[in-house]
Amino acid sequence: MDALLQILVLVAFLAGGYLAFRLRLTPGPRVTDVVIKVVLWALLFVMGFRLGNSRELASRIGELGLLAASVAVFTLAGTVGAIRLAYALFDLARGRARASQAVQSVRPAAPGWEHFRGPTILLAVVLSGLAAGALAPELAGLDYGAVTAWVLNALLFMIGIQFGQSGVNLGAAFARADTVLVPVATALGSLAGGLATAAVFGLAAGKGLALAAGFGWYSLSGVLISDMGDPALGSAAFLANMIRESLALILIPVLAASKRPYTAIGAGGATAMDVTLPLIEQCAGPDSVPVSFASGATLSLLVPVLVPLFYRLG
């Protein structure tokens, strides 16, 4: 129920921005783009600060960091591989060697410094926040969730405006094959990564699947597993999904510039509807917004179902 309510709130802010554009109550495209970039950097700084400022998180990293990092890497690799395979099969089914260019209208960026400038800037912002958080006294009473939630809401409102300014047809965007292909491949690839992690660390298959089924939603998956009586594995799930989100923020600009740009959406997992959506929109273009939101929303709805299911099977 919480996942559904969260999705409805995010939809409301996206729709509000689009409605504001339709009512001609918005600034021009250049101003919108600058505002989105500045607020996105602020969001990434806060996320980095939160990581660096959490002494509890630092202790968990020492205890369960290797398992968590492995889950994050394996699920991301599985996701990227599954999406590439899904589009290859789609190409064959359509009988078109380059069908992905017709289905995905984003334009890969040219190689060179421009290819890496975006990830470098974003990484620098996150690392500066991390350093600031580590040096500052622990702010245990600060509600980071509330701060980031409102920043996200503002970002989604601006993205709704930018989507309207792009001229993309809303109905046609949601009707594309991508809106099914991306979340299904992301889920399957992530779960395959969970099985690989279980095999490497000698875990039961169900436990590995439960770790992977968070799809990047660290604030829920870890709590679900901990509440079922396994706080150690819950901590690993929390860390794994937080690391996945952090890696996604670094990789999204690179993946969006590849021949399969919607692998960037898959990298975001469940966060493709909120935290990573602004970056996906900036790197893959406004027409990626419906696919990204639909993918993130679908995966978010699956998390509270799959995590307990797989854990009990394990």
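The values are calculated or read from the model by the stated rules, or taken from the named source; none is laboratory data. Nothing here was measured: the structure is a model prediction, and the numbers come from that model. All Cβ positions, even for glycine, are placed from backbone atoms using ideal geometry, and neighbour counts span all protein chains on display.
Identification of helices (runs of 4 or more DSSP H) wholly contained in region 1-110 with 1 or more residues that are modelled with pLDDT of 70 or more yields 2-22, 29-53, 55-94. Residue under question is ALA196, and the condition is that it be surrounded by fewer than 18 Cβ atoms within 10 Å (Cβ to Cβ) and either at pLDDT below 90 or over 16 Å from the mean Cα position of the chain (by Cα) (or both); does it hold? It is false that ALA196 is surrounded by fewer than 18 Cβ atoms within 10 Å (Cβ to Cβ) and either at pLDDT below 90 or over 16 Å from the mean Cα position of the chain (by Cα) (or both).
Could you please find all residues in region 111-137 being at pLDDT 75 or above and surrounded by fewer than 12 Cβ atoms within 10 Å (Cβ to Cβ)?
Selection gives LEU135, ALA136, PRO137.
Residues that are farther than 10 Å from LEU43 by Cβ and part of a helix (DSSP H, G or I) within region 273-290 comprise MET273, LEU277, ILE280, GLU281, GLN282, CYS283, ALA284, PRO286, ASP287, SER288, VAL289, PRO290, listed in sequence order. The residues of region 202-221 that are surrounded by fewer than 24 Cβ atoms within 10 Å (Cβ to Cβ) and assigned to a helix (DSSP H, G or I), listed by number, are ALA205, GLY206, LYS207, TYR218, SER219, LEU220. I'd like to know if region 297-311 contains one or more residues that are surrounded by 24 or more Cβ atoms within 10 Å (Cβ to Cβ), at pLDDT 90 or above, part of a helix (DSSP H, G or I) and among the small types (Gly, Ala, Ser). No, the conditions are met nowhere in region 297-311.
Of everything in region 234-288 that is farther than 27 Å from LEU5 by Cα and among the basic types (Lys, Arg), the residue that is surrounded by the fewest Cβ atoms within 10 Å (Cβ to Cβ) is LYS259.
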